[in-house]
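Notes follow the structure.
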Amino acid sequence: MRWQPYVEASGKARPLNHLHPFRVRITLPASATSGEIDLDLEVGFSMHTFTRGRCATDAVATIYTNARECRTFDDLRYTLSHRLPEVIKDLPSRKCYHARNDNYLSVADITLQEAPCDYRRFFVLRRWSGKHAGSERPCVRLIVQSAYATPKSRKGREKLIRFQVLLHRTLGLTKGSKKAKAPHECGAPYTGIS
């Protein structure tokens, strides 16, 4: 998922290279069921982090498309998306919540036009077979499915879960957790979160 720049009607390009995939190494502390674990977190971003659903009134020049969908480039989502790589690197210290369709949610407090808002980031985790050459560390793929600002709300933040617990579950290391899904060879499927 390497995104081509969005080119405005004026010809000005809006680069999206800050949303190219990257990998970060994480160390999970020892738990009751396993010792300390070093793993690779392979991170990718969907186009919903910088686009929104189309409206009949949207100008043709605002369309951003790929092989799967056609959406409208969104200036606010694009601006906020520059925060995403650092936010993802800080996930081990952030609160996460269960969302629907096997997705999770991370929320940051932000201010837009002097009003407090939530910046909601929906993501999915999958055990992944991709490894660096010579690396024997387990790998988890994190795809940010969508990210957008909303008015301040506690809605959707009922089921708190720590990111480290999510990683343990994804790797199948937690007692009583759902059976870990088989590793994916490619990106996680689109789940319909806008």
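Just one of the listed residues (25, 2) is basic (Lys, Arg), within 30 Å of residue 138 (Cα to Cα) and not in a loop (DSSP other than H, G, I, E, B), and it is 25.
Does region 58-103 hold any residues that are among the aliphatic types (A, V, I, L, M) and within 21 Å of residue 125 (Cα to Cα), and which are they?
Going through region 58-103, the residues among the aliphatic types (A, V, I, L, M) turn out to be 59-61, 63, 67, 76, 80, 84, 87-88, 91, 99.
Matches in region 58-103: 84, 87, 88, 91, 99.
Scan (1) within 14 Å of residue 146 (Cβ to Cβ); (2) aromatic (Phe, Trp, Tyr); (3) touching a Ser or Thr at 6+ places or on another chain (Cβ under 8 Å) for the single condition residue 73 breaks and write down its number. Single failed check for residue 73: (1). One residue alone among 54, 71 is more than 30 Å from residue 139 (Cα to Cα), among the basic types (Lys, Arg), assigned to a strand (DSSP E or B) and without any contact (Cβ under 8 Å) to a residue 40 or more places away in the chain, and that residue is 71. Hey, any hits in region 138-149 for a residue that's within 20 Å of residue 87 (Cβ to Cβ), over 20 Å from the mean Cα position of the chain (by Cα) and of a type outside the set (Ser, Thr, Tyr)? Within region 138-149, not a single residue is within 20 Å of residue 87 (Cβ to Cβ), over 20 Å from the mean Cα position of the chain (by Cα) and of a type outside the set (Ser, Thr, Tyr). Looking across region 137-163, the residues that are surrounded by fewer than 19 Cβ atoms within 10 Å (Cβ to Cβ), at pLDDT 80 or above and part of a loop (DSSP other than H, G, I, E, B) come down to 137, 152, 153, 159.
Of all residues in region 76-120, those that are in contact (Cβ under 8 Å) with a residue 60 or more places away in the chain, of a type in the set (D, E, K, R) and either crowded, with 20+ Cβ neighbours inside 10 Å or part of a helix (DSSP H, G or I) (or both) total 2.
Of all residues in region 61-115, those being over 25 Å from residue 2 (Cα atoms), acidic (Asp, Glu) and within 18 Å of the chain's Cα centre (by Cα) number 1.
The values are calculated or read from the model by the stated rules, or taken from the named source; none is laboratory data. Everything quoted here is computed from the prediction, not taken from an experiment. Quick reminder, even Gly has a Cβ in these numbers, built from the backbone with ideal geometry, and neighbours come from all protein chains shown.
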